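Asks: Okay, handing you the structure first.
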2 protein chains.
Amino acid sequence: MLIDKRNTIFQISSILFFFGGFLCAQKLSSEEIKTAANKKFPEAVFELNSFLEIPNDGHFPDQVTANKKKCESYFSQLGFTVKTISTEGAPLLFAEKKFRKKAKTVLFYLQIDGQPVDTTKWDQPDPFEPVLKKRQNGKWETIAFERLKNEFDPDWRIFARSASDSKGPAMAFISALKILDEKRIIPQFNIKVIMDFQEEMGSPHLPKAVSENRELLDADMLFIMDGTRHVSNLPTLTFGARGIATATLKVFGPRYPLHSGQYGNFAPNPVFKMAQLLAGLKDGNGRVTLSGFYDGIALSEPEKQRLNNVPEDSDSILARIGMADTDGIGNTYQEALQYPSLNIRGLNAAWVGKEVRTIIPSEAIAEIDMRLVPESDGKRLMELLKSYVREQGYHLVDSTPTEEERKKHPKLASFTYRLGSLPFRTEMDSEIGDFLNRATNKVFGDQVVNMRTTGGSQPMSPFITTLNIPAVSIRIPNPDNNIHSPNENLRLGNFLEGIITCLAILDEPIE
Amino acid sequence: MLIDKRNTIFQISSILFFFGGFLCAQKLSSEEIKTAANKKFPEAVFELNSFLEIPNDGHFPDQVTANKKKCESYFSQLGFTVKTISTEGAPLLFAEKKFRKKAKTVLFYLQIDGQPVDTTKWDQPDPFEPVLKKRQNGKWETIAFERLKNEFDPDWRIFARSASDSKGPAMAFISALKILDEKRIIPQFNIKVIMDFQEEMGSPHLPKAVSENRELLDADMLFIMDGTRHVSNLPTLTFGARGIATATLKVFGPRYPLHSGQYGNFAPNPVFKMAQLLAGLKDGNGRVTLSGFYDGIALSEPEKQRLNNVPEDSDSILARIGMADTDGIGNTYQEALQYPSLNIRGLNAAWVGKEVRTIIPSEAIAEIDMRLVPESDGKRLMELLKSYVREQGYHLVDSTPTEEERKKHPKLASFTYRLGSLPFRTEMDSEIGDFLNRATNKVFGDQVVNMRTTGGSQPMSPFITTLNIPAVSIRIPNPDNNIHSPNENLRLGNFLEGIITCLAILDEPIE
């Protein structure tokens, strides 16, 4: 049956191809877009796999180089002009193609790197060897990629680091460009692409690079091909993102780990000190107790109503994440995202589990992240936290305490913070909003979710503040994709709809 | 000069050898003991190294087997009868030699296994490749073992797992036996030896084995060749040890780690819950707040005076461990050890450092140990802690929560505990106390520290409760030996004095 379908598609595309030269202003129908994406799909999965096979931790220059090379080949083959933007660290990659003289220009942002992997926590041998899985009897079971040649189930998933964050979305965009290229259909606007290889590290060199390449990157709007769909897994457009700032808090104990028998009751344990510090930071409802933390945010009733138009309910989100209750910031999930958050993303002192040993740890470390909204300033919030630690009687050192400091201060800690992406928000009621809704509604009807702010950060602020252009993020991956965690995955149905989304956008005139 | 000395020793030992048959009841002088130990020293270090080269994590049966084989050869060569005591887990090794028909019998306890190693944290490539180091300009610098052939500095140290805990002390005992054997001097009492290969795991099968081999192990007194010297690094006898109980507390968060941007402010973070639980356990002075935790302990003024005879002061201990203040349990270090302690020996949620990722952890784990004294009962204290967790509103599950439990209980945790070695205390004013002070005073004068209780636990209670014999632990290693931690080491001076101690004891009549 699939073969029959493909024959039909082949005939349709041949006709399109034939008229291509004349009919390039003729838009594809919703049906044609879907058919073309379906036809391209097995090849797109194959190409995505070979992309995912390249390890992509931005900390490692050789991994950056290998991924950059691959990206260069994708866009060169599509006739784009490709240019490396050097920075003091990892380079960025830029690609450009002018399709129509008088048309507007859209800058696409692609994130190519992924989070570091802890191979031992994955259910597959190698997070960079993609595995296709099918859910059966409550378990994910590996199946052969070969089956995609004549079978398709939207609920099958590709498991690999970056499958969803964000090589999958990048490949959906590239596949859509390939389809148009093969059909000789010209996109409705000019395209610039910027590729980031250190997004998960907070894109440390992006702001300067944007500032130094203002003209090169200039565009009418920015589409961010990163981020996860709304929890309903409906096609999602997001008009803002929270920013991020991170910090490391270390509480120092004895100079080296001590035998807990020999020193228990004598040498204070830094874990209890850390616990007391952290426990004082939030109330029983999960609200940050630092005075001024939520300053400046006041959601009006109409704003709340619009926010809560998003089709979701807390109970089903709770059921999915396996929790009985939420933190008490805002009345709904969408409202919660309009506030800054304070999270402990990692905590450690000595060893647990099989490696446990009976010692008093020499230090306790808390890795902290704050998610920021336009109303909150990362530096201000981090300084609030720093002051709090000082108010609890801590002497703060820069890195490790000196002997003199160890002798003098019963409460010793270090606190360092880094400001990452700034938050941003584009008006929903705008040209970019209207355009993207027009394009996506064509293929998905009214099933498109518009979100004011997404929780995750994106390094968009340099574009928005320096280039002064509106930005929207186009969301493709399934929300339960284990983003940033072991067993990251991309649902096949989402990847397919991602290609459809990109095709619809590329084929839609902006004006 | 050393060669001259050795010639002298050789002459002395030849004379002793000649008269051996006649003079076996003639005790060695303090000088003779020291000379003999000095002469044996280079060979003893060589032998200790080859012992340390055998990895000895009790979790691994092949490592247990390799160490047991080595121990068998040591004692067989000394003419002991050697016997394996099988258990449901790792075996124990027993060795026995009757020297004098009417003499008393002493059971020596040797710990052969070591704590697990985290190789990455050591300053040498392999914790099982002993390295000799010299402290120079505030740094430990590796020097060749060869130098011991004609040089000796008591402050040089052997770095290796188990150097001090407790293959070093075991080898001091074996070396002393070898010296006597070579000199054909007969020890003053009959000897039994029990070797434990899972002490660091809490000797899980020892109690049953002792109970089943009561006659075999029966003796007049027990000498424990384990534990670190008093902080003054003077020769130390310890008449009691704290017991231990361990627990694992897990606080559950979302089913899997969540992106902190997508879920921050919505999904409660288990780290804050854990922090609140732990923060409530101790007051600002480090005293456990659980009502009843310190019940039953009342130190009389004379007891306190005797305890505080031990030559030490808090300030110098604090300076050594690099802290400005102590916990507030008891007024001195010795007093602190007379109370049970509650320690967090390990704490973890998600990742820190280079592996950090921006997630809400799915669980927070605290590894807990309690050190127990004869007045405190491990089960009672652990149940106090368990009740405390429940009183904070937690629903406790056995291992992982079911879906139903996740749905129902906002506060979900698991708490499991294991009772380890029981505490013990032998009267100082006793036959065993008098004997050991007589033997050690002979070689060290009044420089011998007698301690009522040491902080660390030892699996002695099965011997004491089942065999009903008094026990004292004979302490050899330097207190700053990094016991249980990376860079464990044994000071050469301590190893030498360890051989002297064992010689003096073996050559001293009990009555």
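The values are calculated or read from the model by the stated rules, or taken from the named source; none is laboratory data. Model, not experiment: these values are computed from the prediction. Every residue, glycine as well, gets a Cβ built from its backbone with ideal geometry; the counts of neighbours run over all protein chains shown.
Asks: Can you name the condition, by its number, that residue B:268 falls short on among (1) more than 18 Å from residue A:267 (Cβ to Cβ); (2) of a type outside the set (S, T, N, Q); (3) within 10 Å of chain A (Cβ to nearest Cβ); (4) free of Cβ contacts under 8 Å to residues at least 24 places away in the same chain?
Replies: Residue B:268 satisfies every listed condition except (4).
Asks: Another one. Determine whether residue A:494 is within 14 Å of another protein chain (Cβ to nearest Cβ) and either outside any strand (DSSP E or B) or without any contact (Cβ under 8 Å) to a residue 40 or more places away in the chain (or both).
Replies: Against the criterion (within 14 Å of another protein chain (Cβ to nearest Cβ) and either outside any strand (DSSP E or B) or without any contact (Cβ under 8 Å) to a residue 40 or more places away in the chain (or both)), residue A:494 does not qualify.
Asks: Name the residue that is nearest to the other protein chains (Cβ to nearest Cβ), counting only residues in segment B:308-333 that are acidic (Asp, Glu) and exposed (fewer than 15 other Cβ atoms within 10 Å of the Cβ).
Replies: Within segment B:308-333, the match that is nearest to the other protein chains (Cβ to nearest Cβ) is B:325.
Asks: Listed residues B:478, B:468; which is farther than 18 Å from residue B:503 by Cβ, in contact (Cβ under 8 Å) with a residue 24 or more places away in the chain and away from chain A (no Cβ under 12 Å)?
Replies: Selected residue: B:478, the only one of B:478, B:468 that is farther than 18 Å from residue B:503 by Cβ, in contact (Cβ under 8 Å) with a residue 24 or more places away in the chain and away from chain A (no Cβ under 12 Å).
Asks: Within segment A:273-289, count every residue that is within 7 Å of chain B (Cβ to nearest Cβ), more than 30 Å from the chain's Cα centre (by Cα) and either small (Gly, Ala, Ser) or surrounded by 24 or more Cβ atoms within 10 Å (Cβ to Cβ) (or both).
Replies: So the answer is 1.
Asks: Which one of A:143, A:174, A:186 is at pLDDT 95 or above and touching a Leu at 6+ places or on another chain (Cβ under 6 Å)?
Replies: A:143
Asks: Further question: Any idea which of (1) farther than 17 Å from residue A:37 by Cα; (2) in contact (Cβ under 8 Å) with a residue 24 or more places away in the chain is the one residue A:150 doesn't satisfy?
Replies: Exception for residue A:150: condition (1).
Asks: Scan segment A:72-88 and report the pairs whose first residue is more than 15 Å from residue A:187 (Cβ to Cβ) and whose second residue is of a type in the set (Phe, Trp, Tyr), with Cβ atoms within less than 6 Å and a gap of 6+ or a chain change.
Replies: Close Cβ pairs (under 6 Å, with a partner that is of a type in the set (Phe, Trp, Tyr)) amount to A:82/A:75; A:83/A:94; A:85/A:94.
Asks: State all residues of segment B:19-39 that are modelled with pLDDT of 55 or more and more than 11 Å from residue B:507 (Cβ to Cβ); if no residue qualifies, say none.
Replies: B:31, B:34, B:35, B:37, B:38, B:39
Asks: Out of B:184, B:214, I need the residue that is on the phi > 0 side of the Ramachandran plot and of a type in the set (Lys, Arg). Which one?
Replies: Step by step, each of B:184, B:214 is checked, and only B:184 is on the phi > 0 side of the Ramachandran plot and of a type in the set (Lys, Arg).
Asks: When residue B:99 is evaluated against the numbered criteria (1) part of a loop (DSSP other than H, G, I, E, B); (2) closer than 27 Å to residue B:487 by Cα; (3) not charged (D, E, K, R), which criterion, by number, is the only one it fails?
Replies: In the conditions (1) part of a loop (DSSP other than H, G, I, E, B); (2) closer than 27 Å to residue B:487 by Cα; (3) not charged (D, E, K, R), residue B:99 misses (2) alone.
Asks: Given the options A:292, A:296, name the one that is in contact with an Asp or Glu (Cβ under 9 Å, 6 or more places away or on another chain), on the phi > 0 side of the Ramachandran plot and surrounded by fewer than 22 Cβ atoms within 10 Å (Cβ to Cβ).
Replies: Criteria check complete, one pass: A:296.
Asks: For segment B:439-462, give me the residue count where each residue is aromatic (Phe, Trp, Tyr) and crowded, with 24+ Cβ neighbours inside 10 Å.
Replies: Summing the residues that are aromatic (Phe, Trp, Tyr) and crowded, with 24+ Cβ neighbours inside 10 Å in segment B:439-462 gives 0.
Here's the yes/no breakdown for (1) more than 23 Å from the chain's Cα centre (by Cα); (2) acidic (Asp, Glu):
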| position | (1), (2) |
| --- | --- |
| B:81 | yes, no |
| B:89 | no, no |
| B:96 | yes, yes |
| B:103 | yes, no |
| B:121 | no, no |
| B:124 | no, no |
| B:141 | yes, yes |
| B:144 | yes, no |
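Asks: Looking at segment B:384-418 only, could you name the residues that are in a loop (DSSP other than H, G, I, E, B) and small (Gly, Ala, Ser)?
Replies: Within segment B:384-418, B:393, B:399 qualify.
Asks: Which is surrounded by fewer than 20 Cβ atoms within 10 Å (Cβ to Cβ) and within 13 Å of chain B (Cβ to nearest Cβ), of A:375, A:383, A:403?
Replies: Exactly one residue qualifies, and that residue is A:403.
Asks: So, one more: For segment B:418-430, which positions are within 16 Å of residue B:378 (Cα to Cα) and either without any contact (Cβ under 8 Å) to a residue 12 or more places away in the chain or crowded, with 20+ Cβ neighbours inside 10 Å (or both)?
Replies: Of everything in segment B:418-430, those that are within 16 Å of residue B:378 (Cα to Cα) and either without any contact (Cβ under 8 Å) to a residue 12 or more places away in the chain or crowded, with 20+ Cβ neighbours inside 10 Å (or both) turn out to be B:420, B:421, B:422, B:423, B:424.
Asks: So which of B:457, B:473 is closer than 24 Å to residue B:200 by Cβ, assigned to a strand (DSSP E or B), under 20 Å from the mean Cα position of the chain (by Cα) and of a type in the set (Gly, Ala, Ser)?
Replies: Residue meeting the stated conditions: B:473.
Asks: Could you tell me which numbered condition residue B:219 fails, if it satisfies all but one of (1) in a strand (DSSP E or B); (2) more than 10 Å from chain A (Cβ to nearest Cβ)?
Replies: Result: residue B:219 passes all but (1).
Asks: For residue A:238, are the conditions met, namely being within 30 Å of residue A:498 (Cβ to Cβ) and facing chain B (nearest Cβ under 8 Å)?
Replies: So residue A:238 fails the test.
Asks: Quick check on my filter: what residues within segment B:144-160 are among the aromatic types (Phe, Trp, Tyr) and part of a helix (DSSP H, G or I)?
Replies: Residue satisfying the conditions is B:145 alone.
Asks: Of all residues in segment B:90-147, how many are more than 14 Å from chain A (Cβ to nearest Cβ), basic (Lys, Arg) and in contact (Cβ under 8 Å) with a residue 60 or more places away in the chain?
Replies: Number of matching residues: 5.
Asks: Taking the options B:75, B:108, B:128, name whichever one is crowded, with 16+ Cβ neighbours inside 10 Å and not assigned by TED's automatic domain parsing to the domain that holds residue B:168.
Replies: None of the other options fit; the residue is B:128.
Asks: Just one of (1) in contact with a Ser or Thr (Cβ under 9 Å, 6 or more places away or on another chain); (2) in the same structural domain as residue A:256 (by TED's automatic domain parsing); (3) under 26 Å from residue B:260 (Cα atoms) trips up residue A:459, so point out which.
Replies: Here residue A:459 clears every test but (2).
Asks: Right, another one. Out of A:95, A:66, A:44, which single residue is among the aliphatic types (A, V, I, L, M) and surrounded by fewer than 17 Cβ atoms within 10 Å (Cβ to Cβ)?
Replies: Step by step, each of A:95, A:66, A:44 is checked, and only A:66 is among the aliphatic types (A, V, I, L, M) and surrounded by fewer than 17 Cβ atoms within 10 Å (Cβ to Cβ).
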